Amino acid sequence: MSVYTRTGDEGDTGLFGGRRVPKDHLRIQAYGEVDELNSVLGWCLVAADTEVLRQALSREMNRLFVLGSYLATPGDASPATLAMLPPWEDGAIARLERETDFLQAEVGEMRHFILPGGTELAARLHLARTVNRRAERAVVQLGVTERVEAVHLQYLNRLSDWLFLQARAANHRAGRPDVPWLPEKNPPESTA
């Protein structure tokens, strides 16, 4: 089977179920952002410093693939098409919340805003968090004109929080402090 099909050469692509839409359709943008997030999580995975984190990132990458399948399926898809979608795990959000709470207890309360950085792994996880927020915005935008499952938006919101705490935990495990944002009290005068 060839990787290229030539079916999208004129700027359209197929949704799950067969309907074709322009490649800049909100639905394509939404699952494209989720796909990018998944790629960034893969980049985090190769730098993960514990088996627990590797397993958790792999789990969320698989879950994002499931989310992508829902986003690639139009709201008016037939019951037969909808029946082919992989099941969404009902406990996904609760699990992220439990793990986020555990990480929060490990790293302690924030006393200031945090800049991305510290260790390379933490910086990668912070990048994943920002890509996650962009994916979330794309799914929200799709939801303005088409039906989006509320649980999918809730999941993306919790995943961002989870990634933030994973970044903080990566610094904590490495013995590196978070990078605080310390705004200048008296910024230098402009010379322009």
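Would you check if Leu57 is among the aliphatic types (A, V, I, L, M), free of Cβ contacts under 8 Å to residues at least 40 places away in the same chain and crowded, with 18+ Cβ neighbours inside 10 Å?
For Leu57, the condition - among the aliphatic types (A, V, I, L, M), free of Cβ contacts under 8 Å to residues at least 40 places away in the same chain and crowded, with 18+ Cβ neighbours inside 10 Å - is met.
Of a type in the set (Val, Ile, Thr) and at pLDDT 95 or above: is that true of Val151 in this structure?
Yes, satisfied.
Identify the residue in segment 136-148 that is surrounded by fewer than 16 Cβ atoms within 10 Å (Cβ to Cβ) and in a helix (DSSP H, G or I) and, among all such residues, is modelled with the lowest pLDDT.
Filtering segment 136-148 for residues that are surrounded by fewer than 16 Cβ atoms within 10 Å (Cβ to Cβ) and in a helix (DSSP H, G or I), the one modelled with the lowest pLDDT comes out as Thr145.
Checking the condition touching a residue at least 40 places away in the same chain (Cβ under 8 Å) and either on the phi < 0 side of the Ramachandran plot or more than 16 Å from the chain's Cα centre (by Cα) (or both), which residue from Val140, Val151 passes?
Residue meeting the stated conditions: Val151.
Of everything in segment 152-192 that's among the aliphatic types (A, V, I, L, M) and out of contact with any helix residue (DSSP H, G or I) (no Cβ under 7 Å at 6 or more places or on another chain), which residue is surrounded by the fewest Cβ atoms within 10 Å (Cβ to Cβ)?
Ala192
I'd like to check something: does segment 105-113 contain any residue that is acidic (Asp, Glu) and over 19 Å from Pro177 (Cα atoms)?
no
The values are calculated or read from the model by the stated rules, or taken from the named source; none is laboratory data. Everything numeric in this text was worked out from a predicted model, so none of it was measured. Using ideal geometry, Cβ is built from the backbone for each residue, glycine included, and neighbour counts are taken over all protein chains shown.
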